[in-house]
Amino acid sequence: MENAPAPLTAYVATWSVTAQDRLWACRTLFHTIAAEADTGPLDETLKWGQPSWRPQKPRTGATLRMDWAAKTPNRLSFYVDCKTDLAARMRDIYPDLPVNDGQRHLGIDLAQPLPEQALSHLAEMTFTYHRAKRQGTG
């Protein structure tokens, strides 16, 4: 929650306590992954009304969004750009994630432990997407 933009903090305050705790854990994870992947700092905003993270360096990576909804209280959703192959790659690598439409939406079960490995991998692939494509590694 430290140094989080006020609009993000206000929006997340409407979530369940469990969803809030998971968001803050994911936020820390995302910033750590961005630093380790040398993508530079992340822009942290509400995009389409959802918390989102994207490298500030142009043409480095794509946006990773997250949301929680009262109509699906046991799920935390993650969204990637539908013009990428990120969700499809995640489905191949992590077939046990509870939700993955293969295009843009991935979801985790809040009743289960946080799948840190899968989320770290998702963040790394997302935050380095354009750089990896240019280098032929993505």
Legend entry - THR9 being more than 15 Å from the chain's Cα centre (by Cα) and of a type in the set (Ser, Thr, Tyr): yes
Legend entry - Complete set of residues in region 71-89 that are at pLDDT 95 or above, part of a loop (DSSP other than H, G, I, E, B) and either more than 15 Å from the chain's Cα centre (by Cα) or over 24 Å from ASP38 (Cβ atoms) (or both): LYS71, THR72, PRO73, ASN74
Legend entry - Set ASP38, ASP92: member being among the charged types (D, E, K, R), assigned to a loop (DSSP other than H, G, I, E, B), more than 19 Å from PRO7 (Cβ to Cβ) and out of contact with any Gly (no Cβ under 7 Å at 6 or more places or on another chain): ASP38
Inset, instruction - Determine, yes or no, whether GLU116 is acidic (Asp, Glu) and touching a residue at least 60 places away in the same chain (Cβ under 8 Å). - result: yes
Inset, instruction - Residue by residue through region 12-27, note down the ones that are in a helix (DSSP H, G or I), over 11 Å from the mean Cα position of the chain (by Cα) and over 16 Å from ARG75 (Cβ atoms). - result: TRP24
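The values are calculated or read from the model by the stated rules, or taken from the named source; none is laboratory data. For clarity, every value in this text was computed on a predicted model and none was experimentally measured. Every residue, glycine among them, receives a Cβ derived from its backbone with ideal geometry; neighbour counts consider all protein chains shown.
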